[in-house]
Amino acid sequence: MPADPGQPGSAGDALHERRSGVDDNGPDFALDGAGFSAGGRPILRRLSLRLAAGRLHALVGPNGSGKSTFLKLLARQLLPDAGAIRLGDRPLPDFGSRAFAREVAFMPQFTPATDGMTVKELVALGRFAWHGALGRSSPRDRAAVEAAIERCDLVAFARRSVDELSGGERQRAWIAMMLAQESRWLLLDEATSALDVGHQADILDLIAALTRERGVGVVAVLHDINMAARVADEILALDGGNLVFRGDPADVMRPEVLKPLFGPRVDVLPAEGPHPALAYLR
Amino acid sequence: MKPFPRFWLVMAIVAVVVALAVVNHALLLDAVSTEAGNRAFAAVFVVRAELPRLAMALVAGAALGLSSALLQRVLRNPLAEPATLGLSAGAQLAMVAATVVLPAAMAYPTAVAFAGAAAAAVLVLAATARRRFEPLSVILTGMMVSLTATAGAAAVILASGDYMTGLFIWGGGDLTQDGWTPTLRLAAILVAAGCGTLLALRPLALLTLGDAEAKAAGLATGTLRLAVIALAVWLAAATTAEIGIVGFIGLAAPLIARLIGVRSSTGRLVAAPLAGALLLSLADGAVQLTGHLTGLRIPTGAATALIGGPLILALVPRIVNLTRPDVLPAAAFLSRRPAGPVLAALAVVLVATVALALTAGRGVDGWHVDAANADWRLARVGLLAAAGALVGMAGTVVQRLTGNPMASPEVLGVGVGAGAGLAAVLVAVPVAGLGMQAAGMLAGAVLTLFALLAFVRRHGFGAERLLIAGIALGALLSSVLTSVIATGSPAGFLLLGWVSGALIEPSWSMATGTAAILAGLTPLVILNARALAILPLGETAARSLGLATARTRAGLVLIAGAATAASTLSIGPMSFIGLIAPHLARSLGLGRPLAHLAGAMLAGAALTIAADWLARMIAFPYQLPLGLFAALIGGGYLAVRFARGARGGA
């Protein structure tokens, strides 16, 4: 793992660059033959593709198709054993720990226990990438924390313990932490699958709104294909470690695309008027 | 994992065992017949000592193998075995205590050992029930129980005079036999337990699926688990009663069964005892051969630990699923309070403890409170306070950096490393002064810490691996300690005192030195406050937030290691205070890293002073070892935790 450059100027420089608005949508992700295998078994076969900043990418596919691995490679939680991944024009290993966290935030499938931490404390941790271990918390840091809490409708909970919250509220607290991190990419690994349909939709709508408001790029592993079609700008389908489909939500909601992925019993109710296309089980 | 050609591997081990037995027999016969010049005596010796010893190694190895296989199955924990769960140490403490306090009870050694082992099992399982017997927590608690029981046993032995050191030799795992009775007794128990296992085979297979599934299939999982654990505890206790603590055989046996390609879980239950029997006879043969060739009398248990420590280290990269992140959040909830008043209250308690330790005491004419002796007690109390604060600091750092509230400074192996360094100095230079002893301890602690860091570095400083590697290293080094103590030499007696936590004569220079180290390390920890807030969230979240986890963990391990080394130098290995002080601070509602740290340091200082005061007062005019009281406090704490856990539900 590369050392954090830790130069005092680096946080300020990045901030400056972003405010100048030259590179509004941030850098793209580029995979160049990136693959990953575990115990001699390929989990992800050499993928080459680009993910454009500022768009919401939904990652779908059956269990064991390599979705989570794909996401963890982007998040630098795993290192590819073949090929390379770049963010903008820099290979991922070239980023320092904090510099990378300023670009990419990752939310795992299971959020860890927080041992009595309040919502505000948790969200404030998102600023670590900016102020580091020793830097003082600036007015800008505090403003980012307040804004994130507000944006996620958590003002009433700010002083409550995260462990006390309901599943949906807790998930929102973690998303607020990622917002406070002000990274240009959000990576979500089935962040909503433990929630009921209504809360799932709330969270995903919030994320979709963020891509539009802030030009944040999102890659989200989603289990529910209908939910993915509802919010995503683009859908990537993985199967057996291969990218088998990539395109608009409208294009994925076709029986000939979904049947190879989820089995012959899956069918699609075509879109009709205000109703979107719906995948269902026969 | 590719299976070895199992037949040839087994045959090779059998061949080595037989060869060792033959060589040992020849050497023994040689020694005996030149001394006595009497072949008849030699024949008696072979029948009454040599053969029973071989048989005992086989039977005890099988018993340990079966016990571990059962424990590993029922707890779904690849590291469970009598030694790592503290069962053997519990049995040992019970037997040592019974020998000293209630010799009549020793007519039934197995029963006494069972009581001790069962108490240890109850303690470990109850303390980890709320974490649903998460393997890593079970092992950490087992290690603490084990350390405590060992310190307790050492204290009892010390308190009853040096003629009892033989007890410690036995505790090191000694297979010497003078007849067939113990072997036959253990063999009978093994056969009975084997029959019990056969009856439980089918339900056990169901249990591998998981609790909910087994219950759904109509299995009374609680009862089954209890029965199987009781069976395993009985086997472990009976073995400990006959031959003392022999660690790691139980760990290695099921593993070897897997390595030679026994796939089915039932097959492994059969293969594990066989592997255990072969392994222990192999180790014992090697120990005897060493004895014949060099005259060194190494306890077999120390030798198996010498093999077992590296074995765990080799396994570290393969160990997975020791923690269960998905089941913890609800169980680990603890409320918070404003830090100011809590810290103030803790400070008041500390001041009161200091005042008590300085003024209150017992004299020939009973209790008295006066300030007359305060002057010369001040150095002692100052040393204890500084060392206790260091232990509290180390405990907080270790628990936060591993994200595991059951971790303690002992898991770094630094304390035992210091002991091993002391042992090396005492063996090399029997007349070493205090300065040389301190230098040896320091060198041992530093070397251990760097060995741990160097090892874990290859695996990216993951919290689990850090803990497991630390435990393995600790076990390895404590076997060295046990071996030296078991020699019964003056060096061994000194070490025994150190293990039990007997305070080295305190001086002003030591007190100020320790306080200076405390003053130097505290700012370093404070600089890491943000890291200490983030690291408990785990590797994934910490990295996503931009923390350079490997480097940060390495730095924090160094700080905690230095704190542990400094406190170990002055007050010995204080097993429980490093675990309890951070817990206490946390359960008083101190949640933010710095408040938690300050609370743990205050609590650590107060607990250490209180333990020392009790150790001086309770058996006045005799001074009991400090470690014994730390152990009593620790055991009591775990028990209370259990009671509260039971009330609160899982």
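Read the figures in this text as sums done on the coordinates, not as results from a lab. Just so we're clear, the structure is a prediction, and the values are computed from it rather than from any experiment. Virtual Cβ from ideal backbone geometry, glycine too; neighbours counted across all protein chains shown.
What the table below lists for this structure:
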quantity	calculated
Dipole in debye (nearest 20) - the protein assembly as shown, about Cα centre, beta carbon charges: Lys, Arg +1; Asp, Glu -1	600 debye
Which of A:Leu51, A:Gly83, A:Ile203, positive extreme of dipole for chain A (C-beta unit charges)	A:Gly83
Number of partner chain Cβ atoms within 10 Å, mean per residue of A:177-190	1
Check: the stretch B:354-648 dipole with +1 on Lys, Arg Cβ and -1 on Asp, Glu Cβ, in debye	980 debye
Charge dipole of chain B about the Cα centre (unit charges at C-beta), most positive-ward option of B:Gly440, B:Ala230, B:Trp508	B:Ala230
Counted charge near A:Asn63, where neighbours are those whose Cβ lies closer than 14 Å (Asp, Glu -1; Lys, Arg +1)	-3
Ranked packing of A:228-240, A:246-258, most packed first, by mean Cβ within 10 Å	A:228-240, A:246-258
Projected-area mean, the stretch B:418-577, by convex hull of Cα positions, square nanometres	9.9 nm²
Whole-number D in µm² s⁻¹ for the protein assembly as shown, Kirkwood Cα-pair radius fed into Stokes-Einstein, 10 °C, 1.306 mPa s	53 µm²/s
Local net charge near B:Trp180, Cβ-Cβ under 11 Å (Lys/Arg +1, Asp/Glu -1)	+2
Three semi-axes of the equivalent ellipsoid, the stretch B:6-327, Cα gyration tensor, whole Å, largest first	33, 23, 17
Gyration tensor (alpha-carbon) shape descriptor, the stretch B:354-648, a/c threshold 1.5	oblate
Cα shape, the stretch A:140-277, gyration tensor, a/c 1.5 rule	prolate
Residue-averaged beta-carbon neighbours from other chains (10 angstrom radius) around B:533-539	5
Around B:Asp284: net Lys/Arg minus Asp/Glu count, Cβ-Cβ under 15 Å	-1
Helix axis angle, A:139-151 relative to chain A longest principal axis, alpha carbon, degrees	30 degrees
Average beta carbon contacts from partner chains per residue of A:116-128, 10 Å cutoff	4
Kirkwood Rh and Cα Rg combined as Rg over Rh, evaluated for chain A	0.97
Angle in degrees between helix A:167-180 and the longest Cα principal axis of chain A, rounded to the nearest 10	60 degrees
Values of log10 I(q)/I(0), in the order q = 0.06, 0.07, 0.11, 0.12 Å⁻¹, for chain B under a Debye, Cα-only, solvent-free model	-0.32, -0.44, -1.09, -1.29
Nearest-ten-degree value, helix A:197-214 long axis tilted from longest Cα axis of chain A	60 degrees
Theoretical ellipticity at 222 nm over the protein assembly as shown - DSSP helices of four or more residues, -39500 (n - 2.57) apiece, nearest 500	-20500 deg cm²/dmol
Ranked by how many other beta carbons lie within 10 Å on average, peptides A:146-155, B:145-154, B:72-81, B:53-62 from highest	B:145-154, B:53-62, B:72-81, A:146-155
5 angstrom amide H check on A:Ile43, placed H, neighbours 5+ away	A:Phe36, A:Ser37, A:Ala38
Lysine pair number, Cα distance threshold 30 Å (strictly under), the protein assembly as shown, separation 8 or more or different chains	5
Euclidean distance of C-alpha centroids, the stretch B:104-163 and the stretch B:595-617, integer Å	24 Å
Given 16 as the ceiling on other Cβ atoms within 10 Å, longest exposed-site-free region of chain B for chymotrypsin sites (Phe, Trp or Tyr not before Pro) in DSSP loops	B:334-621
Semi-axes of the equivalent ellipsoid for the stretch B:404-500, Cα gyration tensor, largest first, Å	27, 13, 10
Shape category assigned to the stretch B:43-192 from the gyration tensor of Cα positions, a/c cut at 1.5	oblate
